[in-house]
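Notes to accompany the following structure.
The values are calculated or read from the model by the stated rules, or taken from the named source; none is laboratory data. Computed from a predicted model, the values in this text were never measured in an experiment. Here the Cβ positions follow ideal geometry from the backbone for every residue, glycine too, while neighbour counts run over all protein chains shown. Calculation scope for accessible area: heavy atoms of the full protein, side chains included, ligands and nucleic acids excluded. Shrake-Rupley method; radii C 1.70, N 1.55, O 1.52, S 1.80 Å.
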Amino acid sequence: MPELPEVEALVDHLRAHAVGRVVHRVDVASPQVLKTFTPPWTDLRGRPVTAAARFGKHLDLDCDGLHLVVHLARAGWLRWSDTLAAAPPRPGRGPLALRVHLGPPGGGPGFDLTEAGTRKGLAAWVVADPAEVPGIARLGPDALSLTRERLGGLLAGRAERLKTALTDQGLVAGIGNAYSDEILHTARLSPYATAGRLSDEALDRLHEALVGVLTDAVARSVGQSAARLKGEKRSGLRVHGRTGLPCPVCGDAVREVSFADKALQYCPTCQTGGRPLADRRMSRLLK
């Protein structure tokens, strides 16, 4: 799933390549991707792109006061092309959901919104104000805007696991499954720690790790082409997606806890005092 660093890189790419161009046509290949009907998506036609921005994990393309807002969900992506095909795509065929022509059709530049797999979560809104998008309206403060004091205030009194708190977009915007694993590993904190019971020293480590991991990931990502961003993300991860491989800090094997539709990774030596966390799915398999 694209998270704060990847969306920031995509926005940076659109600032460099889309701003100043005019929306000549929008092709909707998957009608279910559009979550708004008024104003219609056809109203984007003829409007200049004046800005691009990020709200948490949402991408916003400002077309002279009318906004195309996108959430890429788990398997969505933005693919830029210097030369888009002129023929409109056939609805319901392949991963293409929406195509934006930023030049005369039949050779001009633009981008595709695509989504792999059968579970469809990619969403797009056409709105006068990004705050009209429900997911943006309920966002907490952006992760990279947090001071140590603000982070401590947000977590104070919360009873959920630290991993759950960090990925709650209503609490902190922009962090997903992968970077929460990386932040907790860097901070040497268990994903199962109670969010509201961290010591001052643990909060210091958490804030330093949060800022450091995300800032480094943004620095690696911005300037990369959209086609290379996924590989860049994977290459920078130390524990997420590395189950069974040695921890780059201590050499212990990275462990995994599986849930219904996702998994977290961690290092027992670095994060949990050497104790493996309970994985109920594995426990059931071993019975």
Quiz item: GNM, the chain, Cα, under 10 Å: largest mean-square fluctuation among Gly135, Gly176, Gly117?
Solution: Gly117
Self-check item: Simple spin-label estimate for Asp129 and Glu160 in nanometres, 7 Å along Cα-Cβ
Solution: 2.7
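May I have the convex hull volume per residue, in Å³, for the Cα set of the range 66-111?
90
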Quiz item: With all pairs of different alpha carbon atoms counted, what Kirkwood hydrodynamic radius in Å does the range 41-162 show?
Solution: 16.6
Practice problem: Pick out, from Val11, Ser81, His58, the residue whose Cα sits farthest towards the positive end of the charge dipole of the range 1-104, with +1 on the Cβ of Lys and Arg and -1 on the Cβ of Asp and Glu. | Solution: Ser81
Practice problem: Measure off, as a whole percent, the carbon and sulfur share of the 1.4 Å-probe accessible area of the chain, all protein chains present. | Solution: 52
Exercise. Using 0.36 nm per residue of separation minus the Cα-Cα distance, give me the extension gain between Asp261 and Lys35 in nm, one decimal.
Key: 79.0 nm
Quiz item: In µm²/s, what is D for the range 188-287 at 25 °C and 0.890 mPa s, where D = kT/(6 pi eta Rh) by Stokes-Einstein and Rh is the Kirkwood radius from Cα pairs?
Solution: 159
Exercise. Return a whole-number percent for the relative contact order of the range 1-132, with Cα pairs under 8 Å and 6 or more residues apart as the contact set.
Key: 32
Quiz item: Say the cut-off is 24 Å between C-alpha atoms; which of Lys35/Lys57; Lys35/Lys230; Lys35/Lys233 go over it?
Solution: Lys35/Lys230; Lys35/Lys233
Quiz prompt | Candidates Lys262, Lys230, Lys57, ranked by Gaussian network fluctuation over the chain, Cα under 10 Å, top entry | solution = Lys262
Quiz item: Taking every DSSP beta bridge that has both residues in the chain, what percent is antiparallel when rounded to the nearest 5?
Solution: 95
Quiz item: Between Leu198, Leu206, Leu162, which gets the highest mean-square fluctuation from a Gaussian network model of the chain, Cα cutoff 10 Å?
Solution: Leu198
Quiz item: So what's the back-of-envelope 222 nm ellipticity for the chain, counting only DSSP H runs of four-plus at -39500 (n - 2.57) apiece and dividing by all residues, rounded to 500?
Solution: -8500 deg cm²/dmol
Quiz item: Which value, in debye to the nearest 20, gives the size of the charge dipole of the chain about its Cα centre, when Lys and Arg are +1 and Asp and Glu are -1 at the Cβ?
Solution: 1060
Practice problem: Please give the contour-minus-distance gain from Val19 to Met1: 0.36 nm per residue of separation, less the Cα-Cα distance, rounded to one decimal in nm. | Solution: 4.0 nm
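Under the Kirkwood approximation applied to all pairs of distinct alpha-carbon atoms, what is the hydrodynamic radius of the chain in Å? Write out the running numbers ahead of the final one.
Details: mean 1/r = 0.0494 Å⁻¹.
After inverting the mean inverse Cα-Cα distance, the result is 20.2 Å.
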Exercise. Convert 37 °C to kelvin, take the viscosity as 0.692 mPa s, use the Kirkwood radius over C-alpha pairs of the range 159-211 as Rh, and evaluate the Stokes-Einstein diffusion coefficient in µm²/s, rounded to a whole number.
Key: 305
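Which chymotrypsin sites (Phe, Trp or Tyr not before Pro) in the range 35-127 sit in a loop by DSSP (not H, G, I, E or B) and have at most 12 other Cβ atoms within 10 Å of their own Cβ?
Of the chymotrypsin sites (Phe, Trp or Tyr not before Pro), the ones in loops of the range 35-127 whose Cβ has at most 12 other Cβ atoms within 10 Å are Phe37.
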